[in-house]
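Step one of this worksheet: look at the structure below.
The values are calculated or read from the model by the stated rules, or taken from the named source; none is laboratory data. Just so it is clear, the structure is predicted and the values come from calculations on it, not from any experiment. For neighbour counting, all protein chains shown are included, and Cβ atoms are generated from backbone atoms with ideal geometry for every residue, glycine included. Side chains are part of the model used for accessible areas, which takes the heavy atoms of the whole protein and leaves out ligands, DNA and RNA. Shrake-Rupley method; radii C 1.70, N 1.55, O 1.52, S 1.80 Å.
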Amino acid sequence: MPGRWWRSAVVRKVLGTLALGALAVGLGLATDLPLVGAVLLSCFVSGVALVVQVLVEVEHRLERVERAHDRQTAEVTARVADTFRQANDATRLVAQIDACPVGGELTRGFVRNAARIDADTPPLVQDLARASVDRTSTFLKELREGEAKYEGEDTEWLMSLARSARHSIDATTSTGLQGPGGDVVSGFWPSDRGKRYLRAQHQAVRDRGVRIRRIFVLERPGLAADPAFAEVVREQTDIGIEVRVLSARSIPPALSASWFDFVLVDDTVSYESVLGAAIGTAGSPSIIETVLVLRPDRVRERAVRFAELWEAAEPFTEPFRDAFTRPVS
C-alpha cells in the first residue's frame, strides 16, 4: 500500500542488509583497510546477514507448513477413523438386523420405508412419520426393558397377543368395565372389536391348540341370570374357551382394592388394564392405562393370582344357563 512500503518484509531485509554493509565499510575504513578490502568485507557481512535472514524465514515457513500439515493430517485421520467407526457401526447394525428374531427383512423394510420420507414430503406427513417412528422405537425399547405402557385402552396389543399365542391365554374380565370385556350388552364383546378378538381366539384354539381360560368377574349379582351374558358365555364356550364366573364380592379386599384386569399369554406376557376406580364401587370404572408386563417375577405373580381366582370361580355350566334362559310358563 502506498506510504507503507517500508512495512514489506523484503524491503526491511534489503534495508537491513544495506545498513550492515555500510557499517562494515565504515569499520573497514576505520581499521585502515583499503577501500577494496572494506567493500569486500561489506559484501561478505551483507551476504551472511541476508543468508541468515533467508534461513530464518525459511525455518519459520517450514514450521508453519509442518503445523498446517500436522493439523490437516489429524483432521484426515479423525475423518477416516469416524468413517471406519460409522462403517463398523453400520456393519454391526446390519448383522444385528439379520440375526434379529423379529425378522431381518421386516426391519430392513421399516428402515427403507422411513428413508423414503424425503425433504419433498409435506411437513405434516414428515411430522406424522416422525411421531410414528418415535412411538415404535419407544415401544421396542420398553419391551426390552420389561414393561410397555399406553395411556388409555389399546386393543391392538390384545389382538396381536391373541394371534401370536402358542400355548395358553388366561384372562380376567370385569363385567362392569367400560372397555375390553365390559358391559355385555353394549360394551366390548358385542362390538366389532370384540368379535374380531373372538375370531382371533377361535383361530388360536383351532389352529394352534391354545388353551384359553376366562374368568368373568360379576359386579352385579343378577348378571348371571342375564340372557345377554349367557349369550356371551355361549359364544366363547362354543369355540373352545373355558369360562368360569366369580362374584366381585368373593374377591378378597386386598385384591379388589387394587384390581386390574389382565390377560396372561403363554405365561410370558401380561396384558393389563388399569382401572380408574376400584372394582365393586359405584359407577362403571374405565381403563386409564394399558400395560404390557414382561418381567418374569411379575408375570409369575399374575400366574399365581389367576390360579387362585380360577380355583375360587365357578363353572358357568349348562344347567345354570338353562335355568335363566328357559321361557317362563
Exercise. Specify whether the C-alpha gyration tensor of the range 210-270 places it in the rounded, prolate or oblate class, a ≥ b ≥ c being the square roots of the eigenvalues: rounded for a/c under 1.5, otherwise prolate if a/b is larger than b/c and oblate if not.
Key: oblate
Quiz item: What does the charge count near residue 124 come to, summing +1 for each Lys or Arg and -1 for each Asp or Glu among other residues with Cβ under 15 Å from its Cβ?
Solution: -2
Quiz item: What is the sum of charges around residue 135, taking Lys and Arg as +1, Asp and Glu as -1, for the other residues whose C-beta is under 14 Å from the C-beta of residue 135?
Solution: -3
Quiz prompt | Sequence of 306, 260, 110 when ordered by accessible area, the most exposed leading, probe 1.4 angstrom | solution = 110, 260, 306
